[in-house]
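Chemist: My questions all concern the structure below.
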Number of protein chains: 2
Amino acid sequence: MSEVYAARRTRLRERCNAGGSAAALVSRPANVRYLAGAAPHGAVLLLGKTEDLLVCSGPRDDRQADGVRPDDSLPVRALPGPGGDPAVAATGLAAAQGAESLATEDHHLTVVRHRAMRSVAPRLRLTDLGQAVEQLRVVKDEEEISCLRIGAEIADQALGELLESILVGRTERHLALELERRLVDHGADGPAFSTSVGTGPNSGRRGHRPTDRRVEEGDFLSVCLGATYRGYRCEIGRTFVIGTSPADWQIELYDLVFSAQRAGREALAPGAACRDVDRAARQALDCAGYAENLPTLTGHGVGLEIDEDPQLAPAAMGKLDACVPVTVEPGVHLPGRGGVRIDDTLVVRPEADGGPELLTITTKELLAL
Amino acid sequence: MSEVYAARRTRLRERCNAGGSAAALVSRPANVRYLAGAAPHGAVLLLGKTEDLLVCSGPRDDRQADGVRPDDSLPVRALPGPGGDPAVAATGLAAAQGAESLATEDHHLTVVRHRAMRSVAPRLRLTDLGQAVEQLRVVKDEEEISCLRIGAEIADQALGELLESILVGRTERHLALELERRLVDHGADGPAFSTSVGTGPNSGRRGHRPTDRRVEEGDFLSVCLGATYRGYRCEIGRTFVIGTSPADWQIELYDLVFSAQRAGREALAPGAACRDVDRAARQALDCAGYAENLPTLTGHGVGLEIDEDPQLAPAAMGKLDACVPVTVEPGVHLPGRGGVRIDDTLVVRPEADGGPELLTITTKELLAL
């Protein structure tokens, strides 16, 4: 794996050099992990003028806190005592290597840290690296996609088992905790994000935090969960009805969201504009008069973080590439009544390779449980 | 409750005025919650020249995402569309109110946000509010302490129930998830931090992330968990032995850590220097030759965040006040063998009131399970 990380660092270095900076400091944890193989708590990565270094704080024990080891080929420098800031130390090291400028992640560093970095090396010119690493992360290699695929399988399994159990009378909180336990049972590092379970009037709300409301006959039940596997995070969301026969309004709303989500999935292709995919997923819902009840986005990239570029939203810029994993997750929430959300993780693939690859394969039929 | 939040904002305003700033912008979520009663996702609090405002992003639905409502007496301003930054909007509002300077939380704001705030109001002088709100949060009122007390009871209950179950053969991950489920069963908002369960060679490591290692006869088992109750976070840690008779080295190490932890607890008093409390907890371990195996701190404040001021550490400045809740958590980890950690949450109280109030009351005898 070591070559993978070295190659990623080389690509970043090329971008920095093209931007006029001989050195870069990466501080955002997911970016550090992407380039160094692991992100020990507080660690930063220096792409130096003469040498790359992973600069860590704290005792050696903490170095594997996230359960993975950094790339062996990367020298590690640990701060001697407690309380130091690796970003400040790395800035000093960059200056000592003779760098004249250092590109930093200004969207991640706080003003106080940036000030401390400036004062430790007053002659070093600090420039903004911007989201260069996030941009490198958008297109995944097959190894990354395989982690997402395994994570999706785990989430499918956890969800499938839940559906076989008795649901009426249990609280949203309990169902969410049970799902998280099952994710871990099946080999996840942990949940990819806080599991959302919404019943009755809470169903269909994006990011709903589970409450003590209990599942009742006739409810919509919507569930959104994901597994983290080797650091990679996927997402699946489904909505069910509780009881033998859904009401007419439930069937209509479900069919509508289902067709919207299918339209979104079918719009995924290399070269498709992100806003066009969003429009495809949104159109049927807009036309049915739910424009007010829609979320601000209908999908987003996933990877080492659960919410990555690209965004599928009306004002999104840019186009999709092959090997970009995204969610497609339109939904409608009617205040006081509840709603429907259907959410899949897919990988953008060219038509010649069979089109978008669906990672989360749990059925999207309207199940009555 | 509304008066409580208004009184806190008045205290902060007095500090700002004394520092020469007529307006302040609070962005760190725990600080927003402390002053406004709730911290909807992304919301910031403007203490303006003429009016205080809670500036929120996103749709109304998100406003109660953490399950609590903001102080009713505080006007709420929501951004019109998606994608805006409430901190930037609030900066514009501060300027529109005629403020000449605005104190901001430079330890929380990123360089990019700060830059956007500067450019929306170029004539407004931005100064550093520093950790003014964190300092206000150190001493708790009885309402806050009562939330911590209930949280500690919940954690004690969850831990007590675990001890009654069969442990041998179960993995660290499972035990951690079961503890988190029990916290929620007993009324917690959720865990206060990621529950840590360490067995055998992993026992006694601060912040150990649970693995798939199973509990074995003869192991040390150390557990660290906490409940969040109405936003307030407590912490308890205990170490047990598995099987009928602990080995001699286990008894010796346990007695040593126990006496160190007791010395730390007994040193808690209004006016005591933080570093003296740390030294009290550290001394016995140092003398026994474990100086190398000790953590960098032996305790810390708790409240709306799990790791607050004060720090109990060798280089810590400052003294304790009455009504400051802190953890006392010395431990020793011997690489390859495991170790012991004992962790309580207590409230500093004067001698006349009975001395430090122990919130986490699970026994600290060495239990063989």
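Chemist: One decimal, nm, shortest first: give the distances between the label point of A:LEU163 and those of the same position in the other copies, each label point 7 Å from Cα along Cα→Cβ.
Modeler: 4.3
Chemist: Dipole of the protein assembly as shown, Cα-centred, from +1 at each Lys and Arg C-beta and -1 at each Asp and Glu C-beta, to the nearest 20 debye?
Modeler: Dipole about the Cα centre, nearest 20: 2120 debye.
Chemist: Which one of A:LEU320, B:PRO325, A:ILE306 is farthest out on the positive end of the charge dipole of the protein assembly as shown, using unit charges on Cβ (Lys, Arg +1; Asp, Glu -1) and the Cα centre as origin?
Modeler: Selected residue: A:LEU320.
Chemist: Nearest 10 degrees is fine. How inclined is helix B:86-96 to the longest principal axis of chain B, computing both from alpha carbons?
Modeler: 40
Chemist: Ok, one more. Would you mind telling me which residue in A:VAL302, A:VAL223, A:VAL55 has the biggest mean-square fluctuation in a Gaussian network model of chain A, where springs connect alpha carbons within a distance under 10 angstrom?
Modeler: A:VAL55
Chemist: Could you give the dipole magnitude of region B:1-116 about its Cα centre, charging the beta-carbon of Lys and Arg +1 and that of Asp and Glu -1, in debye to the nearest 20?
Modeler: Using Cβ point charges on Lys, Arg, Asp and Glu, region B:1-116 gives about 120 debye.
Chemist: For chain B, take the alpha-carbon Rg, divide it by the Kirkwood Rh, and send me Rg/Rh.
Modeler: Reported Rg/Rh (Cα atoms, Kirkwood Rh): 1.03.
Chemist: Here is a further query. To the nearest Å, what is the center-to-center distance of region B:39-59 and region A:121-177, using C-alpha atoms only?
Modeler: Between the Cα centres of region B:39-59 and region A:121-177 lies a distance of 30 Å.
Chemist: Moving on to the next point. Over the heavy atoms of A:VAL112, what accessible area does a 1.4 Å probe trace out, to the nearest 10 Å²?
Modeler: For A:VAL112, solvent-accessible area is about 60 Å².
Chemist: Now a separate question. Between A:GLU292, A:GLU144, A:GLU217, find the one with the highest GNM mean-square fluctuation for chain A; connect C-alpha pairs within less than 10 Å.
Modeler: A:GLU292
Chemist: What's the angle, to the nearest 10 degrees (0 to 90), between helix B:142-163's Cα axis and the longest principal axis of chain B?
Modeler: 30
Chemist: Next question. Of all beta bridges DSSP finds with both residues in the protein assembly as shown, what is the antiparallel percent, to the nearest 5?
Modeler: Roughly 80 percent of the DSSP beta bridges within the protein assembly as shown come out antiparallel.
Chemist: Run through the DSSP bridge list for region A:1-108 and note the antiparallel percent, rounded to the nearest 5.
Modeler: So the antiparallel bridges in region A:1-108 amount to around 55 percent.
Chemist: Most fluctuating residue of A:THR298, A:THR50, A:THR211 in a GNM of chain A with Cα springs under 10 Å: which is it?
Modeler: Sorting by GNM fluctuation, first place goes to A:THR50.
Chemist: What is the angle, in °, between the Cα long axis of helix A:248-266 and the longest principal axis of the Cα atoms in chain A? Nearest 10 is fine, range 0 to 90.
Modeler: 40
Chemist: When all protein chains stay in place, what accessible area (Å², nearest 10, 1.4 Å probe) is found for B:THR195?
Modeler: Ignoring ligands and nucleic acids, B:THR195 comes out at about 0 Å².
Chemist: Let me ask you something else. May I ask you to report, in nm to one decimal and beginning with the shortest, the distances from A:ASP321 to the same position in the other copies, taking label points 7 Å along Cα-to-Cβ?
Modeler: So the distances to the same position in the other copies read 5.3 nm.
Chemist: I've got another one for you. Using the charge dipole of region B:206-335 (Lys, Arg: +1 at Cβ; Asp, Glu: -1 at Cβ; taken about the Cα centre), state which of B:ALA281, B:ILE242, B:PHE220 has its Cα farthest towards the positive end.
Modeler: The one lying farthest along the dipole's positive direction is B:ALA281.
Chemist: How big is region A:15-156 on each of its three principal axes, counting only the C-alpha atoms and giving the largest first in Å?
Modeler: Computed over the Cα atoms, the extents are 53, 36, 29 Å.
Chemist: Could you report the accessible area of B:GLU134 in Å², rounded to 10, computed with a 1.4 Å probe on the protein chains as they sit in the structure?
Modeler: 20
Chemist: Can you give me the orientation-averaged projected area of the convex hull built on the Cα atoms of region A:139-358, in nm²?
Modeler: 11.2
Chemist: Dipole size in debye (nearest 20) for region A:210-369 around its Cα centre, Lys and Arg Cβ +1, Asp and Glu Cβ -1?
Modeler: Using Cβ point charges on Lys, Arg, Asp and Glu, region A:210-369 gives about 100 debye.
Chemist: Another question about this same structure. Per residue, how much accessible area does the protein assembly as shown have with a 1.4 Å probe, in Å²?
Modeler: So the protein assembly as shown comes to 41 Å² accessible per residue, rounded to a whole number.
Chemist: Another one. Using all alpha carbons of the protein assembly as shown, what is the percent of pairwise distances in each 10 Å bin, ordered from the shortest bin to the longest?
Modeler: Histogramming the protein assembly as shown at 10 Å steps yields 3, 13, 21, 27, 23, 11, 2, 0 percent.
Chemist: Now, a different point. Could you sort A:SER203, B:SER73 by their accessible area in this structure, using a 1.4 Å probe and putting the largest first?
Modeler: I get B:SER73, A:SER203, largest accessible area first.
Chemist: Ordered shortest first, which distances in nm separate the 7 Å Cα→C-beta label point of B:GLN135 from those of the other copies?
Modeler: 4.2
The values are calculated or read from the model by the stated rules, or taken from the named source; none is laboratory data. Just so it is clear, the model here is predicted, and its values are computed rather than measured. Note: ideal-geometry Cβ built from the backbone for every residue, glycine included; neighbour counts use all protein chains shown. With ligands, DNA and RNA removed, areas are computed over all heavy atoms of the protein, side chains included. Shrake-Rupley method; radii C 1.70, N 1.55, O 1.52, S 1.80 Å.
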